[in-house]
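A.B. asks: Below: one structure in structure tokens.
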Amino acid sequence: MQTQAAVASASFPLESTAGVTREQCLEVLEARRRQLCEELRGFPQPIAACDADCNTILAERAAVVLAISQLQALSRGETRIPHPRDDH
């Protein structure tokens, strides 16, 4: 399972989040997911111990898919963003 740090460290083309809607975030994430899937389609068959690039792309795609599912759940009201002062 990817961590939130992995999602945050993925390179997305959003330089500032001020004024960005969830829909815009989803569009950017979906576009990146499609780009990664296309890149993986053209990737040669992995060679044992030599597929670091493929693994990197797979890890980024997993992080993007996780971010998409989290944003969709937030949009549907199935989850909420915890306030830092909330009790755990």
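A.B. asks: Report the gain in length on full extension from ASP86 to GLN70: 0.36 nm times residue separation, minus Cα-Cα distance, nm rounded to one decimal.
C.D. replies: Separation in residues times 0.36 nm, less the Cα-Cα distance, equals 3.8 nm.
A.B. asks: Here's a follow-up. Among LEU71, LEU29, what is the fewest-to-most ranking by other Cβ atoms within 10 Å?
C.D. replies: LEU71, LEU29
A.B. asks: So if each residue of separation counts as 0.36 nm, and I subtract the Cα-Cα distance between CYS54 and GLU39, what length gain in nm does that give?
C.D. replies: Value of the extension gain: 4.5 nm.
A.B. asks: About its Cα centre, what dipole magnitude does segment 21-75 give when the only charges are +1 on Lys and Arg Cβ and -1 on Asp and Glu Cβ, stated in debye to the nearest 20?
C.D. replies: 120
Laboratory data are not the source of any read-out in this text; all were calculated from the coordinates shown. On a predicted model such as this, the values are computed, not experimentally measured, just so you know. Heads up, the Cβs are rebuilt from the backbone with ideal geometry, glycines too, and the neighbour counts pull from every protein chain shown.
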